[in-house]
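Written below as C-alpha cells is the structure these notes are about.
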Amino acid sequence: MPQNNPKGARVRFMALAIFIGILSAVGGISLWKVMQGPQQAAASALMTLPEPRVIADFALVDDNGQPFSLESLRGSWSLMFFGFTNCPDVCPSALYDLNLVSEKLEEQLDEEGPELNFIFVSVDPERDTPGKLSEYLAYFNPAFIGVTGDPAQLAPLAMQLGIAFQIEDHEPGAEWYNVYHSASFQLVNPDGKLYGVFAAPHNAEKIYHALKAVLD
C-alpha cells in the first residue's frame, strides 16, 4: 500500500515550480521581463507582460456542468486563481480577498463599464466536482465561476499561465490528501490572452486599484 510522503511531495512541487519558472522565463513571463520597470513595481501590484500572451485552447467544465474553454474567457476581463476546495488556508484567504476586490469594483465602476469575471480553477478534480465547486464558492461570492476538469487539460493550462501544482500521493478514492499550488492571480484580457500577474502575497486594496486602472 503506497504511503503519503509530504516531504517528498513538497520536493517534487518545488522541482515542478522551478521547471515551470524556467519555461515561463523562456516564454517571456519572468519577473524581470514581466515588470515594466521599477515605476510600475512601486505603483501597482499588477505585473503586466510586455505583450499579452496567447493561451492555447482547453476543454474544462464550470460549476454548472457546462463546457468551459478559451472562448469562455473572450469578451470580458478575467481574474483567475488556481487552488482546491479542501485547501486549509491559502485558498480561503485568497477568495476572501477577491471578494473584497469584487465588491469595491462593483461600487466604483460604471454598470456599463468593462466586465470582470472571477474564476477559481480547481486542480483537484478528483474531489472537486462542479457541484462542490458551486457550493464552496457560494460562501465567498455566488458570482464567482468555478472551473475544473481532466488533469490532461488542467496541467497544460496551468503551465501556460505560470502555475505550478502537485497533488500528494494517495490511494484512489482517498478523502484526505494535500495539493501544493502557486498562489498568484492571472489577469486575462477580453481577447483571451494573459495580460498580467498578481504575485502573492496579496493585498486586496492594491489589487483593486490596479484593476480599476486597467478597467477604466
Accessible surface of segment 51-153 [probe 1.4 Å, protein heavy atoms]: carbon and sulfur percent: 48
Rounded, prolate or oblate: which fits segment 70-171, taking a ≥ b ≥ c as square roots of the Cα gyration tensor eigenvalues, rounded meaning a/c under 1.5, else prolate when a/b beats b/c? prolate
Summed residue charge, Cβ within 10 Å of Val188's Cβ, Lys/Arg positive, Asp/Glu negative: +2
Out of residues 5 or more away from Ile55 or on other chains, whose amide H comes under 5 Å of its own, with H placed 1.01 Å from N in the peptide plane? Leu194
Summing Lys, Arg as +1 and Asp, Glu as -1, what charge do residues with Cβ under 14 Å from the Cβ of Ala59 carry, Ala59 excluded? -4
In Å², what does the accessible area per residue of segment 111-162 work out to with a 1.4 Å probe? 45
What are the ³J(HN,Hα) couplings of segment 59-67, residue after residue, when phi is run through the Karplus curve with 6.51, -1.76, 1.60 and θ = phi - 60°? Round to Hz, x for glycine and proline. 10, 10, 9, 8, 6, 9, x, 9, x
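The values are calculated or read from the model by the stated rules, or taken from the named source; none is laboratory data. Small disclaimer: the values here were computed from a predicted structure and weren't measured. When we count neighbours, we look across all protein chains shown, and the Cβ atoms used for this are built from the backbone with ideal geometry, even at glycine. SASA here: full protein model, heavy atoms, side chains in, ligands and nucleic acids out. Shrake-Rupley method; radii C 1.70, N 1.55, O 1.52, S 1.80 Å.
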